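We did not get these values from a lab; they are worked out from the coordinates using the rules stated. All of these numbers come straight from a predicted model, not from anything done at the bench. Backbone-built Cβ (ideal geometry, glycine too); neighbour counts: all protein chains shown.
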Amino acid sequence: MSVPNQPSPVKLIMSLISPEDTIVSQVCEELTEKYGEIDFISDLLPFNYTGYYCQEMGSLLWRRFISFDKLISRNYIIAIKLNTNEMEKNFLDFRGGRRVNIDPGFVSLENLILATGKNYIHRVYLNKGIFAELTLVYKRKSFRPLEWTYPDYKNRQAIEIFNRIREKCYYQLMTDSEN
């Protein structure tokens, strides 16, 4: 018989996609107020993997990945996804289209999980309309993509980013366990 226990806390991450870096900066300020200091922000990366957002936000899109200093409990991801959905509404254009896409998730020592409102065969329902997607797994000293991993999460640059964020998470967990 298994004995339920609490898993270790995780590193909150977010993907911010927008045609305007100034909006990303504003969103980062709001996220900092809500979730604490940002301890990692990626370079501005071109987002040209899909046309999914083009009609709503235009064809020249940019992304930044960020992570937060404070480790969180995994069960907070539902409330965080619901909150980021509401935050996106604060940045609508005059037609009612989004000017930023905010996708939260978390990095653990084992994997990278994204939160989404969309169901699919590889997603697990959590609660309140939010699903968890296992996006990357950590094995052989690096994150590895899965069959369904989005192309922009499986490229070398993204994997390096998430490996760095995992290192931060590992260090924080080891430091906390010593205290």
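Enumerate the whole-percent occupancy of each 10 Å bin, from 0 to the last occupied one, for all C-alpha pair distances of region 99-179.
Using 10 Å bins, I get a P(r) of 17, 45, 30, 8, 0 for region 99-179.
For q values of 0.15, 0.29, 0.31, 0.32 Å⁻¹, compute log₁₀ I(q)/I(0) with the Debye formula on a Cα-only model of region 19-59, without solvent.
-0.49, -1.03, -1.07, -1.09
I need the P(r) histogram for region 1-103: all alpha carbon pairs, bin width 5 Å from 0 out to the longest distance, whole percents.
Per 5 Å bin, starting at zero, the Cα-Cα P(r) for region 1-103 comes out as 2, 12, 22, 22, 17, 12, 6, 3, 2, 2, 0, 0 percent.
Arranged from highest to lowest average of other beta-carbon atoms within 10 Å per residue, in what order do the peptides 138-144, 107-113 appear?
Values: 138-144: 12.7, 107-113: 20.1.
Listed from highest to lowest mean packing, they are 107-113, 138-144.
Per-residue ellipticity at 222 nm for the chain, helices alone: DSSP H runs ≥ 4 residues times -39500 (n - 2.57), over residue total, nearest 500 deg cm²/dmol?
Working: 5 runs with 59 residues, N = 179.
That comes out to -10000 deg cm²/dmol.
Roughly what % of Cα-Cα distances in region 10-178 sit above 22 Å, to the whole percent? The partial results should precede the final answer.
Details: 6009 of 14196 pairs.
Every Cα pair in region 10-178 considered, those over 22 Å come to 42 percent.
Quote the FRET efficiency, to the nearest 0.05, computed for N85 versus V3 with a Förster distance R0 of 30 Å and r equal to the Cβ-Cβ distance.
Values: r = 35 Å, r/R0 = 1.18.
With R0 = 30 Å, the Cβ-Cβ based efficiency is 0.25.
Amide H neighbours of R144 under 5 Å, at least 5 residues apart or on other chains, H built in the peptide plane: list them.
V137, Y138, K139
Using a 7 Å offset from the Cα along the Cα-to-Cβ direction at both E29 and I41, what is the distance between the two label points in nm, to one decimal?
Rounded to a tenth, the inter-label distance reads 1.1 nm.
Arranged from highest to lowest average of other beta-carbon atoms within 10 Å per residue, in what order do the peptides 145-154, 62-71 appear? Numbers along the way, then the final one.
On the way: 145-154: 15.0, 62-71: 19.7.
Peptide ranking by packing, descending: 62-71, 145-154.
From the phi of every residue in region 94-111, what ³J(HN,Hα) in whole Hz does the Karplus formula 6.51 cos²θ - 1.76 cosθ + 1.60 yield, where θ is phi - 60° and glycine or proline is x?
Karplus-based 3J(HN,Hα) across region 94-111 equals 5, 8, x, x, 5, 10, 8, 10, 10, 10, x, x, 8, 10, 10, 5, 9, 6 Hz.
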